[in-house]
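One structure below.
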Amino acid sequence: MAEVPEVEIILRDLCEAVVGRVITGAEVLEPASVLFPPIPEFAAILHGREVLDANRRAKFILVTLSGNLILAVHFMLWGTLKLVPANQPPVEETLVILHLDRAEDLRLLDKLGYARTALAEPEILAERLDLGSLGPEALEPSFTVDILAGQLRNRRGVLKSVLLNQRVLAGLGNRDADESLWLAGIAPRRSAASLTGEELFRLQAAIVQVLREGIALRGTQRDLFGRPGGASHRRNIFERNGEPCPRCKTPIARTRIGGRNTHFCPNCQH
Ligand SMILES: [Zn+2]
């Protein structure tokens, strides 16, 4: 599943292998995957652009192109990017192909077909994708317990749902939120505003640990070059309902919070 660690791995690979190269053409195999501009313009505008830089904001990969343009890519649940020889036949889940120099392709793949891309000048792109409303990045060194406390203060919602709101905190997906709450020993149904100073301290540290471990193991998906990551989706509790909690051996429970499957230990998360 493409959560922030998986997106971050692809981003780092892009910086290593694609920045500095030139896009020589584009093919859209799934029209719904290009949000804007219209498909003929998308391909025409990309032709001849140099890839200058790549960054991440929440789960968006933002590729800076020559001519004051940004190509945004969002993997949704299972999308990814792959760098392959241009003569390799496209697999069925290919949505968009960017032809690069040196006879290679950068391909947007998604077995569910939900991944999306968009192309525009930076200000227009930020406005249309509402990037300005995103909260602080959990992976940035500036993400401190004070930042977390400030973001959760006055939030009436259930903690798990609040943590998934990218306007509150950019960086936690469903899996990483469950793992972070388990690591911190905090129940997902708590009110976000009810956390004590000590609990906030534990939660901030747990979020950073879960994300950094995911990245250190290169995520749970394949990287840009097709190499599998070493992290496990089912790390401690995610999708381990019924199995013993690694900390106290109580069977892990699953419930629905805000429409999302939520895994927790009923004994050692309070
Ligand atoms: Zn437990």
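Just a few scattered comments:
- Count - residues of the range 73-116 that are more than 16 Å from LEU224 (Cα to Cα) and open to solvent by less than 10 Å² (accessible area, probe 1.4 Å): 0
- So ARG218, is it of a type outside the set (A, V, I, L, M) and on the phi > 0 side of the Ramachandran plot: yes
- Beta carbons closer than 8 Å, at least 6 apart along the sequence or on distinct chains, pair a first residue in the range 247-265 that is of a type in the set (Ser, Thr, Tyr) with a second that is near the ligand (Cβ under 9 Å from one of its atoms) and at pLDDT 95 or above for THR250/PRO244; THR250/CYS265; THR250/PRO266; THR250/ASN267; THR250/CYS268; THR255/PHE264.
For every residue, the table says whether it meets (1) in contact with a Ser or Thr (Cβ under 9 Å, 6 or more places away or on another chain); (2) under 17 Å from ARG260 (Cα atoms).
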{"position": "PHE143", "(1), (2)": "no, no"}
{"position": "LEU148", "(1), (2)": "no, no"}
{"position": "GLY171", "(1), (2)": "no, yes"}
{"position": "LEU181", "(1), (2)": "yes, yes"}
{"position": "GLY185", "(1), (2)": "no, no"}
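- Scoring GLU198 on the criteria (1) touching a residue at least 40 places away in the same chain (Cβ under 8 Å); (2) not in a loop (DSSP other than H, G, I, E, B) leaves a single failure, condition (1).
- Among residues of the range 233-268, those that are part of a loop (DSSP other than H, G, I, E, B), surrounded by fewer than 18 Cβ atoms within 10 Å (Cβ to Cβ), of a type outside the set (D, E, K, R) and within 15 Å of the ligand (Cβ to nearest atom), counted: 8
- Boolean, ARG175 is touching a residue at least 60 places away in the same chain (Cβ under 8 Å) and touching a helix residue (DSSP H, G or I) at 6+ places or on another chain (Cβ under 8 Å): no
- The range 194-232, residues that are of a type in the set (S, T, N, Q), within 30 Å of ASN154 (Cβ to Cβ) and surrounded by 20 or more Cβ atoms within 10 Å (Cβ to Cβ): GLN204
- Checking each residue in the range 178-188 for being on the phi < 0 side of the Ramachandran plot, in contact with a helix residue (DSSP H, G or I) (Cβ under 7 Å, 6 or more places away or on another chain) and of a type outside the set (A, V, I, L, M, F, W, C) picks out GLU179, SER180, PRO188.
- Test: residue in the range 5-20 that is open to solvent by 20 Å² or more (accessible area, probe 1.4 Å) and within 19 Å of ASP110 (Cβ to Cβ): yes
- Selection from the range 1-55 of residues that are free of Cβ contacts under 8 Å to residues at least 60 places away in the same chain, assigned to a strand (DSSP E or B) and under 22 Å from ARG102 (Cβ atoms): GLU50, VAL51, LEU52, ASP53, ALA54
- Top-ranked residue in the range 171-185 [being aliphatic (A, V, I, L, M) and surrounded by 23 or more Cβ atoms within 10 Å (Cβ to Cβ); ranked as farthest from the ligand (Cβ to nearest atom)]: LEU172
The values are calculated or read from the model by the stated rules, or taken from the named source; none is laboratory data. For clarity, every value in this text was computed on a predicted model and none was experimentally measured. Cβ atoms come from the backbone with ideal geometry, glycine included; neighbour counts cover every protein chain shown. The area values use the complete protein model at the heavy-atom level, side chains included, leaving out ligands, DNA and RNA. Shrake-Rupley method; radii C 1.70, N 1.55, O 1.52, S 1.80 Å.
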